[in-house]
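So the structure is just underneath, and the comments pick up after that.
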Amino acid sequence: MSHEGILVVSSKQELLAFGYSVSNIHKEVIYEGTSFTLIKPGFKKVVSIPFTPLSPFAKSYELKPTWSFTVGDAVCRINHIE
């Protein structure tokens, strides 16, 4: 659901997926009554190494998104939501 550029999500999976899209930078998303703003998107990358004895061998890299939210007059930044 979306209201005036604000997305309301109903699951934590939707919230987490929102954080991996570059087009969502500085956009607001509401999850369970808390408003989060995406500061920096995350990314996931899998690198395959061909021609190895254990082929297919892959390494996975992930950079988690950075979010902000406000509590009173304090702005909090987080980069890990479980």
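Quick notes on this one:
- Looking only at residues of the range 1-33 that are surrounded by fewer than 12 Cβ atoms within 10 Å (Cβ to Cβ) and assigned to a strand (DSSP E or B), we find that the one that is modelled with the highest pLDDT is His3.
- Residue pairs meeting the criteria (Cβ under 6 Å; at least 6 apart or on separate chains; first free of Cβ contacts under 8 Å to residues at least 40 places away in the same chain and among the hydroxyl-bearing types (Ser, Thr, Tyr), in the range 60-82; second part of a loop (DSSP other than H, G, I, E, B) and surrounded by 12 or more Cβ atoms within 10 Å (Cβ to Cβ)): Thr66/Asn79
- Test: residue in the range 64-82 that is modelled with pLDDT under 90, exposed (fewer than 10 other Cβ atoms within 10 Å of the Cβ) and among the acidic types (Asp, Glu): yes
The values are calculated or read from the model by the stated rules, or taken from the named source; none is laboratory data. Since this is a predicted model, take the numbers as computed values, not measurements. Glycine also receives a Cβ, built like all others from the backbone with ideal geometry; neighbour counts cover every protein chain displayed.
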